[in-house]
Amino acid sequence: MGWEKQAALNEAVARDLNEDIEAAHEEAGHEGYVPMLCECGRADCEHVVPMTLEEYEGVREDPRRFALAPEHLVVEIERVVEDEGRFLVVEKRPGIPAAVAEEEDPRHTDD
Ligand SMILES: [Zn+2]
């Protein structure tokens, strides 16, 4: 497996965890910042990114977009579409990174 695909899969795992975090906070009626996991491609990343649920929903509207800690950008597989200061919103580059992001999206399944 190429490193690009591995990084993309790592990001998909972080996104799955964030879906659970978001659901838990939504149920609790949480307001303000929620500690979301950095969705970068590093297998060992445990960085927490403070985001509101509204901000996270904005990222999740596009299956190729992820939220990262600003210092965790990997320019080979993604480009910045928004810089919020606390976090970056990035979009996967076309090809393997975008294809894996779309395949692994729990909200967009073909079958
Ligand atoms: Zn990270």
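Numerical summary
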read-out	value
Spans of helices (runs of 4 or more DSSP H) in the chain with at least 2 residues of a type in the set (Val, Ile, Thr) and either within 16 Å of the ligand (Cβ to nearest atom) or modelled with pLDDT of 95 or more (or both)	3-27
Near pairs, Cβ below 7 angstrom, 6+ apart or cross-chain, from segment 13-37 (of a type in the set (Lys, Arg)) to any residue that is within 16 Å of the ligand (Cβ to nearest atom)	ARG15/GLU39; ARG15/PHE66
Test: VAL100 is without any contact (Cβ under 8 Å) to a residue 40 or more places away in the chain, of a type in the set (Val, Ile, Thr) and either touching a helix residue (DSSP H, G or I) at 6+ places or on another chain (Cβ under 9 Å) or surrounded by fewer than 17 Cβ atoms within 10 Å (Cβ to Cβ) (or both)	no
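Residues are listed down the side, and each one gets a yes or a no for (1) touching a strand residue (DSSP E or B) at 6+ places or on another chain (Cβ under 8 Å); (2) surrounded by fewer than 16 Cβ atoms within 10 Å (Cβ to Cβ):
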position	(1), (2)
VAL34	yes, no
ASP44	no, yes
ILE77	yes, no
VAL80	yes, yes
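The values are calculated or read from the model by the stated rules, or taken from the named source; none is laboratory data. Everything quoted here is computed from the prediction, not taken from an experiment. Don't worry about glycine lacking a Cβ; one is built from the backbone with ideal geometry, like all the others, and counts go over all protein chains shown.
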